[in-house]
Structure formats: structure tokens, C-alpha cells
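Student: Can you keep this structure in mind? I'll have questions shortly.
The values are calculated or read from the model by the stated rules, or taken from the named source; none is laboratory data. Keep in mind that what you see is a predicted model, and the values were worked out from it rather than measured. Virtual Cβ from ideal backbone geometry, glycine too; neighbours counted across all protein chains shown. To get the accessible areas, we keep the full protein, side chains included, count just its heavy atoms, and leave off ligands, DNA and RNA. Shrake-Rupley method; radii C 1.70, N 1.55, O 1.52, S 1.80 Å.
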Amino acid sequence: MQNKTSMSQTEQILSQLPGDVLGRLRNADQSWKALQEGTTPVPLVVKETQELLGSVDWDIVICGGTLGILLGAALQRQGWRVALIERGILRGREQEWNISRKELEVFLELELLTAAELKQAIATEYNPGRVSFFGGSDIWVRDVLNIGVDPVFLLDTLKSKFLDAGGQLFENTAFEGAAVHPNGVRIDAAGGLTTRLLIDAMGHFSPIVKQARQGEPPEGVCLVVGSCAGGFPNNDTGDLIVSFTPIQTQCQYFWEAFPARDGRTTYLFTYLDAHPQRPSLEFFVEEYLRLLPEYQDVELSQIDFKRVLFGFFPSYKNSPIRMPWNRILPVGDSSGGQSPVSFGGFGSMVRHLNRLTQGIDDALKCDALSQNALAQLQPYQPNIAVTWMFQRAMSVGINQQLAPNQINELLTGVFQAMAQLGDDVLCPFLQDIVQFSGLSKTLLLTSLTKPGLVIPVIPQVGLTTLLDWMVHYINLGIYSGLYPVAQLIKEPLKTFPPKTQYYYHRWLNAWCYGSGNDY
Ligand SMILES: Cc1cc2nc3c(=O)[nH]c(=O)nc-3n(C[C@H](O)[C@H](O)[C@H](O)COP(=O)(O)OP(=O)(O)OC[C@H]3O[C@@H](n4cnc5c(N)ncnc54)[C@H](O)[C@@H]3O)c2cc1C
């Protein structure tokens, strides 16, 4: 038994929590280390064959249940034959997912939840939320990411609806491999399942995605550690993004805090690359525990930890991933469809739920299941691509020398400009929806009023990132213009063959979502 005084704060606190949290943290660290060192094994789980399948039992098999069940319930409701395989038990995590209220309306639109069920799924709601950076002043916003959804209730309700509508769930069943045939996919699970379409919802570390990416290193990583705990001073407000320290350990630390059902959720998160010298998750948990008292104005000994949370989210410039096979579609975290500055994968899935349900329905109806046809369902979105520059501007290279407050000062300047321009600019941005007009106005205002903040960003992010960004920025402008124009041909196109219509609707979706017109 280790002497208590020689134990780190992390060891002391985590060892008192149920469920071997310390062991899980160290396991996660092994995966993080493997990613940093490029030693993550590349599995061979998907193969192709030219043989025809004798029969195809399912229209859709979804692998991975956490966000997979959202889509599973929606597609089963459309009348498709859907099976879902989940390697564990399909159950939501204890910790709430934060999202904005308006985004949840899709559950009503798709008739996945009744108004009463949606109400019950909302565990917490708070207002207002704060944005604040070291040395700057506080900005307050309302109704942004201020709803805490109870994943246990949500997933349980969707699971019942899915089963009631005739969906089949295989729990404790892991995806191990698949063969793509010309007329379907055979999945090695539950004695062999055959399907027209395989949906990969197995998260960032999906074996299918690992094979498709072939060990390609991520350009960015968002690392998050935190807890849900009691014992804090009363505080009904939240923090959307806050920093109160200068750069340290070649990282800028950001914080998030929300009132939660079991007390208060607080997260420390940072953006970095996967350089081998980057610290471990355990180091960041220790940093979190060191700084939490200052952040929340409370003694560590007063905090009653209910659960400690952590994760790392790799992001790839080559996103969303294009699968090299027919009949396989990634959704949720596996698709890499969300922005590199976000760890709101639930929010991102909910935002795209209607579009994906409709798109998959169309694809199945007209048999548009080729690699290219399915890639249209996870299209390039310039408004996500432009956020790569923000990821860069909020992170520090392992050997880069930056002024200690460079990131804080830049963010203070940019957010002040956004606040000055109003909620129409600030709120979508905080919900991960970048729009051309809002972005242009912000950049113009910041460059004109505070050129001293903008110029140092150029050497920080590098010329390649900047040029890349310009291309995406121009595309964002083009997409914003194309969307309203392309809608004009909606009516005449109704006479065209289904496949042509399929592509047209996917492009329309790409221009809409890719320019933030869905907001
Ligand atoms: C600390 C923390 C806080 C977060 N807070 C928020 C938030 O407030 N709001 C928000 O929107 N998002 C938040 N997120 C992100 C959100 O939790 C994820 O984006 C979401 O869980 C992604 O879901 P997924 O189903 O795509 O992947 P995962 O959550 O990784 O789930 C993958 C599923 O696939 C299953 N699976 C994996 N491999 C196999 C296999 N071989 N066979 C069968 N099944 C398999 C797993 O068991 C799991 O059910 C947070 C994440 C963390 C770590």
C-alpha cells in the first residue's frame, strides 16, 4: 500500500471513487501515448469481395450504440429494417451532455420524443454563461449550451422506441470485421449479419476508421479532464470558455463549468498536437486539481467528487473521413465531422440528425450506396475547416516561443469584437457554427481596432495554415452564396431521376450546413 503523503492528488482522489477510475485513466493514457508515438495498431477489419451475397437480411446495421441509437431509432421509424450491435450494454453515461435548447427540437420533429419525454430528458438548465480570458473582462451570453441532457434517460427512451418499432439490438456484441460484397455487407457479429448499409458509430477509435486512416497522425488533439462534484459555493451561472492563467507547459488551459444535477461540472481542456513530449492525461488531471480551487474559489478538501472525467479527441485535417469502401458510412465521432475546437460530439450529432436521417433514407431508396454517394452524406464543410486556424491560434507548438499572454490577448480581442457585433455573431460561434458574415465582420473589426493582436498570429500558426485557411474562408463565402441560389431549382429538379435528386439534395445540405445556414 502506497503511503498517502507520497501519493499524488490524482491518486488520492481517484482511488476513493468507485469503478477503478485510476486504472481507466492509465488505460486512456496508454492509448494517448500510442497515438503520440504512432504505434496505434492498424487493424484489418474490412475486406472487399466480388462474390454476391445470397440474401441480405437488414437494410442498416449500426455498429456502436451511444450516438448510434439516435440514428437507429430515427431510421427504424422510417420503416427500414435496422439492427444495432453494441459491444457493451447500450446505456448512456451518468454525466450530462451540454447543448442548447433549440437544437433539441429535432427530437420532436422526428417524433423520437414527445414533449413530455424531452422535458424529462433535460436534467438541468442554467443561465447565463460566461466567456472570459486572463487579463480581459467577462462577456455574458444567454441560452448557449445551457441545457444538460440526461444521457441515461435519453438513450433508454430511444432504445425502447427502437425496439417497439421492430429494431433489433445485439448487446455485448462487438464488431470484429466485415466483408463488403457488391450487393451488401456481411458483418462478423451475432453469427453473421448481412446488410445493405453498415453505419459505423464506434467513436473516435473505431476499428474501421483506424483501418481507413492507416495510422495517419492527427494534426490536432483536444484533451479534456474534469469532474462532477458537490461542495462548491452556490453558483447558478456557467462558464462556456474561461482562462485564468498564461501559457504553461506549452499549453493554454481553458475551463468550462456548468451547474449539474449532481453538483457542478468543471472541465479543463486544451488544444495541442500529438507530439511525443506532450504530457499525459494523468498530468492534466493533476493540473486540474491544482488549479480548481483558484478557479472555483473553493478548497480542494471541501469538494465532494462524484465522478472524474477525461478524454482526448484526435482531429484530422482530412475530415470528414472518406471511407475507401462502398456501403460503409461513419457517423458521430468516428466521422470526424465536428470541428477540431469542439468536444461536443453529441451536439454535433443532434444538429445533423435530421439531415442524416433524410439522407440515409434517400440513399437506401435509390440505392445510392457507393463510396462516392455515401461520402456526400458527410461532406466537406468550409465552416468547420476554417476552425483549424482557431485550433492553431489557441495552441502552442512544443518548441514554440510565444509571449505568455498571446493567446489570452488575442481571444479577448476577438470575443470583444464579437460581443460588440451582437448575439447574432457571438452565439452561433459559441455553438460551433461559423458563418461567413459573422466571421468577416469579426476579423475586420479586430484587425482594424487591434492590429497588434492579429499580426503575431501569422508566425504562430504558420503560412501554410494561413493559406489553407484562406481557401476555406473563400469557400465559406461561396457556400453562403450558393445555398440560396441553389434552392431556386428545387421545384424543376423534382422531375429528374431519383439519383440526380439524391446528389442535388446532398449538395444543398452541404452548402447549407457548410455555411452555417442551418443555424
Ligand atoms: C469529458 C467529456 C465531456 C463531454 N461533454 C460533452 C457535452 O457536454 N456535449 C456534447 O455534445 N458532447 C460532449 N462530449 C462528447 C461526447 O460524449 C461524444 O462526442 C459522444 O459520446 C460520441 O459518441 P459516439 O457514439 O460517436 O462515440 P463513443 O461515445 O465513443 O461511443 C462509441 C460506441 O461504440 C461502441 N463500440 C466501440 N467499439 C465497438 C465495437 N468494436 N463493436 C461494437 N460497439 C463498439 C462503444 O461501446 C460505444 O457505445 C464529452 C466527452 C467527454 C469525454
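Student: Any idea which of Val457, Val396, Val425, Val434 is touching a Leu at 6+ places or on another chain (Cβ under 9 Å), modelled with pLDDT of 95 or more and surrounded by 14 or more Cβ atoms within 10 Å (Cβ to Cβ)?
Tutor: On the way: Val457 fails: modelled with pLDDT of 95 or more; Val425 fails: modelled with pLDDT of 95 or more; Val434 fails: modelled with pLDDT of 95 or more.
After applying the criteria, what remains is Val396.
Student: Is it the case that Tyr483 is farther than 25 Å from Val131 by Cα, touching a residue at least 40 places away in the same chain (Cβ under 8 Å) and open to solvent by 40 Å² or more (accessible area, probe 1.4 Å)?
Tutor: Details: farther than 25 Å from Val131 by Cα: yes; touching a residue at least 40 places away in the same chain (Cβ under 8 Å): no; open to solvent by 40 Å² or more (accessible area, probe 1.4 Å): yes.
No, not satisfied.
Student: Find the residue count for the stretch 124-148, including only residues that are in contact with a Lys or Arg (Cβ under 9 Å, 6 or more places away or on another chain), open to solvent by 30 Å² or more (accessible area, probe 1.4 Å) and hydrophobic (A, V, I, L, M, F, W, C).
Tutor: 1
Student: In this structure, does Asp432 turn out to be among the acidic types (Asp, Glu) and part of a loop (DSSP other than H, G, I, E, B)? Full working, then the answer.
Tutor: On the way: among the acidic types (Asp, Glu): yes; part of a loop (DSSP other than H, G, I, E, B): yes.
Taking the combined requirement at face value, the residue satisfies it.
Student: Please verify whether Lys161 is away from the ligand (no atom under 15 Å from the Cβ), not assigned by TED's automatic domain parsing to the domain that holds Val242 and not in a strand (DSSP E or B), treating the condition exactly as stated. Break it down stepwise before answering.
Tutor: On the way: away from the ligand (no atom under 15 Å from the Cβ): yes; not assigned by TED's automatic domain parsing to the domain that holds Val242: yes; not in a strand (DSSP E or B): yes.
Here the answer is yes, as Lys161 does meet what is asked.
Student: For the stretch 319-420, list the helices (runs of 4 or more DSSP H) that sit wholly inside it and hold at least 3 residues that are within 20 Å of the chain's Cα centre (by Cα) and either farther than 27 Å from Lys441 by Cα or not hydroxyl-bearing (Ser, Thr, Tyr) (or both); which are they?
Tutor: Values: elements: 345-365, 371-375, 382-385, 387-393.
Because the criterion is at least 3 residues that are within 20 Å of the chain's Cα centre (by Cα) and either farther than 27 Å from Lys441 by Cα or not hydroxyl-bearing (Ser, Thr, Tyr) (or both), the helices (runs of 4 or more DSSP H) in the stretch 319-420 that meet it are 345-365, 382-385, 387-393.
Student: A further question follows. Sort out which residues of the stretch 281-327 are within 12 Å of the ligand (Cβ to nearest atom), in contact with a Phe, Trp or Tyr (Cβ under 7 Å, 6 or more places away or on another chain) and open to solvent by 20 Å² or more (accessible area, probe 1.4 Å), and write them in order of number.
Tutor: The one that is within 12 Å of the ligand (Cβ to nearest atom), in contact with a Phe, Trp or Tyr (Cβ under 7 Å, 6 or more places away or on another chain) and open to solvent by 20 Å² or more (accessible area, probe 1.4 Å): Phe313.
Student: Here is a follow-up. Give, as residue ranges, the strands (runs of 3 or more DSSP E) completely inside the stretch 164-257 that count at least 3 residues that are within 15 Å of the ligand (Cβ to nearest atom).
Tutor: It comes to 168-170, 193-200, 220-230, 238-242.
Student: Right, another one. From the list Pro330, Pro340, pick out the single residue that is at pLDDT below 95 and either buried (at least 21 other Cβ atoms within 10 Å of the Cβ) or among the aromatic types (Phe, Trp, Tyr) (or both). Break it down stepwise before answering.
Tutor: Working: Pro330 fails: at pLDDT below 95.
None of the other options fit; the residue is Pro340.
Student: Can you name every residue in the stretch 62-91 that is within 9 Å of the ligand (Cβ to nearest atom) and either free of Cβ contacts under 8 Å to residues at least 40 places away in the same chain or of a type in the set (Gly, Ala, Ser) (or both)?
Tutor: Answer for the stretch 62-91, where residues must be within 9 Å of the ligand (Cβ to nearest atom) and either free of Cβ contacts under 8 Å to residues at least 40 places away in the same chain or of a type in the set (Gly, Ala, Ser) (or both): Gly64, Gly65, Gly68, Gly88.
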